Amino acid sequence: MKPDKILVPLDGSQMAEAAIAPALEMAQAGSALILMRAAESRILPGTDVIDAQIQVVREAEEYLAGVKAKLEKTGAKGIETHVWYGPAAPAIVEAAKLQKVDVIVMSTHGRSGLGRIIFGSVAESVLRGTRVPIFLVRPTGAPVEPPAGQGEARPAEKAHPTTRMEAPR
């Protein structure tokens, strides 16, 4: 798969940035690597809503500019940056649609159980919200757990022994 437009959602964490290397490996000459970040302010009572929104967008722009500069120093080309205001999953889905990307490359925390219930899964929400292919990256150190309550899987044994058929003489 050699996509022309690759969307890489970032949240400012090293875990999210783990998706950059695989995205660069997928890219071909002339591909656009679109780094995006969703920004959403948490408004405290008595604070200026507009100032808070401007501040989180500015921080996101500065962060993406820094990531872009680091990548360009390594020779990467065709990097775009975009900040979307709003929750992460809807922002990623809308960015993918508007930019007409070929693939979304993103990392996942791999939460399960209570952590997933409390924090939700951005990756799963994006998967349910788009038909664009998604390449998920599990960063080193992310928890790996066997599927719970699913039983044990093993190769199936052949139901019938293989018989050798000979052509009639």
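Just checking, does segment 121-135 include any residue being crowded, with 17+ Cβ neighbours inside 10 Å, among the small types (Gly, Ala, Ser) and modelled with pLDDT of 95 or more? Checking segment 121-135: not a single residue is crowded, with 17+ Cβ neighbours inside 10 Å, among the small types (Gly, Ala, Ser) and modelled with pLDDT of 95 or more. Looking at Ala52, Ala76, Ala60, Ala39, which one is of a type in the set (Gly, Ala, Ser) and touching a Phe, Trp or Tyr at 6+ places or on another chain (Cβ under 8 Å)? After ruling out the rest, the residue left standing is Ala39. How many of the residues making up segment 66-82 are at pLDDT 95 or above and open to solvent by less than 40 Å² (accessible area, probe 1.4 Å)? Summing the residues that are at pLDDT 95 or above and open to solvent by less than 40 Å² (accessible area, probe 1.4 Å) in segment 66-82 gives 4. For the condition in contact with a Gly (Cβ under 8 Å, 6 or more places away or on another chain) and either more than 25 Å from Ile134 (Cα to Cα) or modelled with pLDDT of 90 or more (or both), what is the one hit in Tyr63, Tyr85? Going through Tyr63, Tyr85 in turn, the sole match is Tyr63.
When Lys2 is tested against (1) surrounded by 14 or more Cβ atoms within 10 Å (Cβ to Cβ); (2) under 21 Å from Thr130 (Cα atoms); (3) not β-branched (Val, Ile, Thr), exactly one condition is not met: (1).
What tally of residues in segment 1-40 results from selecting those that are of a type outside the set (D, E, K, R), modelled with pLDDT of 85 or more and either in contact with a Ser or Thr (Cβ under 7 Å, 6 or more places away or on another chain) or in a loop (DSSP other than H, G, I, E, B) (or both)? I'd like the intermediate steps shown before the answer.
As a first pass, look at segment 1-40 and keep what is of a type outside the set (D, E, K, R): 1, 3, 6-10, 12-16, 18-24, 26-36, 38-39.
Remaining after also requiring modelled with pLDDT of 85 or more: 3, 6-10, 12-16, 18-24, 26-27, 31-36, 38-39.
Next, only the ones that are either in contact with a Ser or Thr (Cβ under 7 Å, 6 or more places away or on another chain) or in a loop (DSSP other than H, G, I, E, B) (or both) stay: 3, 6, 10, 12-13, 15-16, 18-19, 27, 31, 35.
Number satisfying all stated conditions: 12.
Residues in segment 89-107 that are within 19 Å of Leu33 (Cβ to Cβ) and at pLDDT below 95: Met106, Ser107.
Filtered by the rule that a residue be at pLDDT below 85 and assigned to a helix (DSSP H, G or I), segment 41-53 gives a lone residue, Val49.
Sort out which residues of segment 72-92 are under 20 Å from Pro22 (Cα atoms) and assigned to a helix (DSSP H, G or I), and write them in order of number. Once the filter is applied, which keeps residues that are under 20 Å from Pro22 (Cα atoms) and assigned to a helix (DSSP H, G or I), segment 72-92 yields Glu72, Lys73, Ile92.
In segment 10-37, the residues that are closer than 21 Å to Thr140 by Cβ and open to solvent by 20 Å² or more (accessible area, probe 1.4 Å) form Cβ pairs under 7 Å with partners that are small (Gly, Ala, Ser) and assigned to a helix (DSSP H, G or I), at six or more places apart or across chains, as follows: Asp11/Ala88.
The values are calculated or read from the model by the stated rules, or taken from the named source; none is laboratory data. Nothing here was measured: the structure is a model prediction, and the numbers come from that model. Quick reminder, even Gly has a Cβ in these numbers, built from the backbone with ideal geometry, and neighbours come from all protein chains shown. The protein model used for the area step is the full one, side chains on, heavy atoms only, and it has no ligands, DNA or RNA in it. Shrake-Rupley method; radii C 1.70, N 1.55, O 1.52, S 1.80 Å.
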